[in-house]
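As structure tokens, the structure follows; a few thoughts come after it.
The numbers here are math on the coordinates, done by the rules we state, and not lab data. Only a predicted model underlies this, so the values are computations on that prediction, with no experimental measurement involved. No Cβ is skipped: glycine too gets one built from the backbone with ideal geometry, and neighbour counts run over all protein chains shown.
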Amino acid sequence: MNKVDCQLASEIVIFGALGDLSRRKLLTALYQLEVCDLLHADSRIIGVARQKYSLGEFKAIVLENICTFIKEDGDKVALARFTARLVYQQLEMKNVIAYKYLASTLSQGNNTRVYYFSTPPAIYGDICNGLNHASLITAADRVVMEKPIGQCLASSKVINDQVARFFTENQIFRIDHYLGKETVLNLLVLRFANALFTTNWDRNSIDHVQITVAESVGIEGRGSFYDEIGQMRDMIQSHLLQILSLLAMEPPANLSAENIRAEKLKVIKALSPIDRTNVKDKTVRGQYCDGFVKGIEVLGYLHEEDVNINSETETFVAIKAEIDNWRWSGVPFYLRTGKRMTTKHSEIVVHFKAQPHNIFRRSYSELPANKLIIRLQPDEGVELQMMNKIPGIDPQMYIQENKLDLSFSDTYQNGRVIDAYERLLLEVLNGNQSLFVSRNEVEAAWAWVDSIVDAWKSTNESPKPYVAGSWGPTSSAALIARDDRQWIE
Ligand SMILES: NC(=O)c1ccc[n+]([C@@H]2O[C@H](COP(=O)([O-])OP(=O)(O)OC[C@H]3O[C@@H](n4cnc5c(N)ncnc54)[C@H](OP(=O)(O)O)[C@@H]3O)[C@@H](O)[C@H]2O)c1
């Protein structure tokens, strides 16, 4: 990362500073920006939470967390600089009157304030009311909102409206942390800096696309949150539709937030509707039962803590998505995501069309089509599968499928992998919205997802069981096999 001197000093106010996201990601990311000398000398970090802690106790918690999550002792000089920036404010976030205490903690100067809402979205409106009541909102301030925003289109509109009463759209940064991942950003470069792909990126050259985001973990103690929301609304509505829109969008005129977000929105709006008439053909929902993940026995979803024993919440989704436009007509995008799957593995596979005629039939009866594999995690990289002659002087020409493999860790040996939150927080400080999701995108994504969720409800079918440690229910393989294709595993 280049050294950038953020021009303005900021007050970064984290609501929910002692919650899981803040402890694991936000404070660690801010510390890493400190190590890289990317925080303005006069910037401060104000942790807001409900518990009563002294500043000393808060600093001790933050220090302990940073060392736990960076898995090393830390840079002593940077740690000292970082802890000197920390301020703690106890606050009952629903109590508007109490925000006067926050006002007395914040400096009255010209610093840009960044309000990071790392709390349940249900209280975003209360926080905005409190900030307004204490006259803590100016046109220069920014607000960062975590996903998922709402649980459906209607509830997301309520939350977006509550925040829009006090902040304009260009002050609002909606996080989808996948947009801060190196490999997801690299999609823009792959597509628009390589003529090879730019000119072959449509229905004429591409047969279909697979996007898989598989997790080996279960719900990790978040049962009460997850049982209400499920994999469709937690993963497809945000991460998978964002990846899909970056993959499928038209070339933006430039890298401005306005242009990139406008092109992504067109893709989401062009998704072919899935409703009760076609939901059985186009989707699969599953729920894990007892099994083994990497040799360790794990409980099924219904036995997880804080999950209703009769829960119908899906932990796996597969979808055949189609985009109704000129570029992608007839090209399916198969989406698949689940918990407690065989391994943690996220990748995009672009299957090009097969050669129309095979002149190597004597050695290879059916030529496999080229595949571009973009590995999001682990082992980030790009791989192009192509046919090659096996060296030798045999009268017959033997050929083989090989890969050109660009592993990021081997190619760019410059140490630490930058976490998505570091990049995204820096972009917030710099006021660049291109890696954040617009309100229109969020709402278009909810509209598409709501129709599927409603259709599932109307069928009254339970999610299909799958054994923990597998690649999902057998009907997921059947979904793609109906089109004479198979998942890459
Ligand atoms: N954790 C993740 O990996 C992750 C990933 C993506 C998105 N998110 C989103 O990030 C946000 C925070 O998630 P989290 O996992 O950090 O949640 P969490 O561990 O439950 O923390 C929530 C924080 O909000 C505070 N809070 C204030 N008023 C609250 C109220 N009325 N009810 C409940 N909590 C209240 C809590 O304060 P106290 O400390 O005083 O209880 C707590 O610090 C959520 O919107 C979530 O959807 C989280």
(request) Would you work out which of SER475, PHE192, TYR101 lies farthest towards the positive end of the dipole of the chain? Charges go on Cβ: Lys and Arg +1, Asp and Glu -1. (result) PHE192
(message) Quick check: the angle from helix 439-459's long axis to the longest principal axis of the chain, C-alpha only, nearest 10 degrees?
(response) 60
(request) Calculate, axis by axis, the spread of Cα positions in the range 203-351 along the three principal axes, and write the results as whole Å, longest axis first. (result) 49, 35, 28
(request) Using Cα positions and a limit of under 21 Å, work out the lysines in reach of LYS157, with same-chain residues fewer than 8 apart set aside. (result) LYS94, LYS147, LYS264, LYS266, LYS269
(request) Amide H neighbours of GLN377 under 5 Å, at least 5 residues apart or on other chains, H built in the peptide plane: list them. (result) SER346
(request) Among the chymotrypsin sites (Phe, Trp or Tyr not before Pro) in the range 267-365, which ones are in a DSSP loop with at most 14 other Cβ atoms within 10 Å of the Cβ? Mind listing them? (result) TRP326
(message) If the reach is capped at under 16 angstrom between alpha carbons, list the lysines near LYS339, excluding any in the same chain fewer than eight residues apart.
(response) LYS294, LYS464
(request) Please report, in whole Å, how far the alpha carbons of the range 365-427 spread along each principal axis, starting with the longest. (result) 60, 23, 16
(message) If you take every residue apart from LYS269 with its C-beta less than 15 Å away from the C-beta of LYS269, what net charge results, scoring Lys and Arg +1 and Asp and Glu -1?
(response) -2
(request) Work from the charge dipole of the range 316-430 (Cβ charges, +1 for Lys and Arg, -1 for Asp and Glu, about the Cα centre) and give the residue of ASN325, SER346, SER409 farthest towards its positive end. (result) ASN325
(message) How charged is the neighbourhood of ALA9? Take every other residue with its Cβ under 9 Å from the Cβ of ALA9, and add Lys/Arg as +1 and Asp/Glu as -1.
(response) -1
(request) With just the Cα atoms of the range 52-123, tell me how far they stretch along each of the three principal axes, in Å, largest first. (result) 41, 30, 22
(request) Could you state the angle between the C-alpha long axis of helix 153-164 and the longest principal axis of the C-alpha atoms of the chain, as a value from 0 to 90 degrees rounded to the nearest 10? (result) 40
(message) With +1 assigned to the C-beta of every Lys and Arg and -1 to the C-beta of every Asp and Glu, and no other charges, what is the dipole magnitude of the chain about the Cα centre in debye, to the nearest 20?
(response) 460
(message) What number results when the radius of gyration of the range 368-489, computed over Cα atoms, is divided by 2.2 N^0.38 Å?
(response) 1.61
(message) Contact order normalised by length for the range 68-200, with contacts defined as Cα pairs under 8 Å and 6 or more residues apart; what percent is it?
(response) 20
(message) Under 8 Å for C-alpha pairs, at least 6 residues apart: give me the relative contact order for the chain, rounded to a whole percent.
(response) 17
(request) Would you mind checking the tilt of helix 55-70 against the longest principal axis of the Cα atoms of the chain, expressed as 0 to 90 degrees and rounded to 10? (result) 20
(message) Explain nothing, just the number: dipole magnitude of the range 1-111 about its Cα centre with +1 on each Lys and Arg Cβ and -1 on each Asp and Glu Cβ, in debye rounded to the nearest 20.
(response) 340
(message) What Kirkwood Rh does the chain have if only Cα atoms enter the pairwise 1/r average? Answer in Å.
(response) 24.4
(request) Report the charge-dipole magnitude of the range 285-350 in Debye, nearest 20, computed about the Cα centre from +1 at each Lys and Arg Cβ and -1 at each Asp and Glu Cβ. (result) 380
(request) Let me know the shape class of the range 100-200, please: from the alpha-carbon gyration tensor, a ≥ b ≥ c as square roots of the eigenvalues, rounded when a/c is under 1.5, otherwise prolate if a/b is greater than b/c, or oblate. (result) prolate
(request) For the chain, build the charge dipole from Cβ charges (+1 Lys, Arg; -1 Asp, Glu) around the Cα centre, then report which of ILE452, ILE260, SER238 sits farthest towards its positive end. (result) ILE260
(message) Let me check against my output: what whole-number percent is the relative contact order of the range 245-355, with C-alpha pairs under 8 Å and at least 6 apart?
(response) 21
(message) Could you compute the net charge surrounding ASP20? Neighbours are other residues with a C-beta less than 13 Å from the C-beta of ASP20; K and R count +1, D and E count -1.
(response) +2
